[in-house]
Ligand SMILES: NC(=O)c1ccc[n+]([C@@H]2O[C@H](COP(=O)([O-])OP(=O)(O)OC[C@H]3O[C@@H](n4cnc5c(N)ncnc54)[C@H](OP(=O)(O)O)[C@@H]3O)[C@@H](O)[C@H]2O)c1
């Protein structure tokens with residue numbers, strides 16, 4: 001049987017391009033569970049895959065889509081049965097394994113998480129990898145002992161997927177989120193999500209100093225690069241910075257000074273290879289904290305054919321919040 005997919009191909013000159021194709025189900029990769037994909041998420045990494053950047057894809061033709069939700073069609077694993085709602089994020093699906101930009105995906109049962117009963121497949125993709133990662137970062141701040149009364153938490157890239165959901169989750173838990181955005185026009189929306197203060201990117205502009213006045217008890221950082229270096233200089237003694245992404249680059253001029261004089265911690269967050277039990281726990285918590293209604297104005301609905309255009313938009317930092325992709329036409 002054939003299914004519909006956004007297929008990414010690389011030509012002899014090395015140019016990567018994607019188009020809608022009918023693909024035979026027999027071409028799907030190995031796996032225990034065949035899923036009828038209803039909705040896919042759209043992430044920074046999907047932008048890299050669709051434009052052939054970052055060396056994420058090994059073999060072409062490829063089907064991208066690092067997260068998806070849908071219903072089980074066939075299963076060789078006792079944990080999943082036909083008709084059951086499921087979510088997949090990470091495990092390098094959409095990078096080295098065919099992903100969710102299609103109406104069918106075949107994956108390992110171990111990679112799936114049951115769709116929580118209170119979420120629709122679309123809600124699950126509003127959250128997607130971004131929501132799971134934001135939840136893991138918030139959990140890490142809490143696990144390291146950062147409490148709402150300790151001071152404000154800086155969220156960078158607050159207009160993007162991870163940042164906007166992190167802002168909402170922190171506010172729900174009583175933290176004062178300072179939302180950093182390069183887009184002042186998002187101030188009102190971010191305030192409605194729960195941001196206590198909106199700050200511009202200039203708060204992390206290069207200073208050339210080793211330390212700055214301590215300001216934040218912690219941070220959820222999805223931009224990395226030189227702004228992360230400046231952020232570390234402004235974290236209060238004992239504070240925690242969770243490093244998630246690299247929208248502003250993967251390196252900075254590092255110094256041990258904030259670590260040894262203020263005892264701060266830089267904690268990496270990896271949602272991709274997160275063990276199954278931790279994912280199920282994080283999804284349960286997300287389900288209780290996240291309100292799709294409150295987040296509504298940060299959601300853009302798209303179809304598979306919109307994604308080549310949206311890839312450029314997300315890499316340029318122009319997407320607000322989350323894009324959800326309906327896979328059927
Ligand atoms: N570790 C993990 O498991 C994991 C999981 C998910 C995502 N990530 C990574 O996290 C990052 C964010 O992902 P996402 O899906 O949230 O992407 P996104 O929706 O594109 O959000 C990124 C945001 O970063 C800000 N930004 C972009 N370029 C910037 C620059 N040069 N300087 C400062 N800020 C900049 C923009 O927000 P404003 O316009 O509001 O400033 C942008 O909306 C990506 O690098 C992604 O690969 C990692």
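Every number in this text was worked out from the coordinates using simple rules, so none of it is lab data. Small disclaimer: the values here were computed from a predicted structure and weren't measured. Note that each Cβ is placed from the backbone with ideal geometry, even for glycine, and that neighbours are counted across all protein chains shown.
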Exercise. Does residue 102 satisfy the criteria of being buried (at least 24 other Cβ atoms within 10 Å of the Cβ) and farther than 20 Å from residue 136 by Cβ?
Worked result: yes
Exercise. Quick one: how many residues across the stretch 1-31 are assigned to a strand (DSSP E or B) and surrounded by fewer than 13 Cβ atoms within 10 Å (Cβ to Cβ)?
Worked result: 3
Exercise. Across the stretch 291-307, what is the total count of residues that are within 16 Å of the ligand (Cβ to nearest atom) and surrounded by fewer than 21 Cβ atoms within 10 Å (Cβ to Cβ)?
Worked result: 6
For this session: State the number of residues belonging to the stretch 223-237 that are under 21 Å from residue 143 (Cα atoms) and out of contact with any strand residue (DSSP E or B) (no Cβ under 8 Å at 6 or more places or on another chain).
Result: 1
For this session: Filter the stretch 258-281 down to residues that are under 16 Å from the mean Cα position of the chain (by Cα) and in a loop (DSSP other than H, G, I, E, B) and give me whichever is surrounded by the most Cβ atoms within 10 Å (Cβ to Cβ).
Result: 271
For this session: For the stretch 204-227, enumerate the residues that are surrounded by 23 or more Cβ atoms within 10 Å (Cβ to Cβ) and without any contact (Cβ under 8 Å) to a residue 60 or more places away in the chain.
Result: 204
Exercise. So is residue 206 under 18 Å from residue 244 (Cα atoms) and more than 9 Å from the ligand (Cβ to nearest atom) or not?
Worked result: no
Exercise. Applying the selection to the stretch 32-77, what residues are assigned to a loop (DSSP other than H, G, I, E, B), touching a strand residue (DSSP E or B) at 6+ places or on another chain (Cβ under 9 Å) and either surrounded by fewer than 19 Cβ atoms within 10 Å (Cβ to Cβ) or on the phi > 0 side of the Ramachandran plot (or both)?
Worked result: 32, 51, 52, 53, 60, 61, 65, 76, 77
For this session: Filter the stretch 193-203 down to residues that are farther than 12 Å from residue 156 by Cβ and surrounded by 15 or more Cβ atoms within 10 Å (Cβ to Cβ), then give me how many there are.
Result: 5
Seminar exercise, completed: In the stretch 175-198, anything touching a helix residue (DSSP H, G or I) at 6+ places or on another chain (Cβ under 8 Å) and closer than 18 Å to residue 227 by Cα is listed as 177, 179, 180, 181, 182, 198
Problem set entry | Qualifying position, being closer than 21 Å to residue 144 by Cβ and within 24 Å of the chain's Cα centre (by Cα), among 247, 187, 254, 196 | 196
Exercise. With 127, 169, 154 as the choices, which residue is surrounded by 24 or more Cβ atoms within 10 Å (Cβ to Cβ), under 20 Å from residue 227 (Cα atoms) and more than 11 Å from the ligand (Cβ to nearest atom)?
Worked result: 154
For this session: Can you tell me which residue within the stretch 308-321, out of those that are crowded, with 16+ Cβ neighbours inside 10 Å and in a loop (DSSP other than H, G, I, E, B), is nearest to the ligand (Cβ to nearest atom)?
Result: 317
Exercise. Can you spot a residue in the stretch 263-282 that is more than 9 Å from the ligand (Cβ to nearest atom) and under 29 Å from residue 188 (Cα atoms)?
Worked result: yes
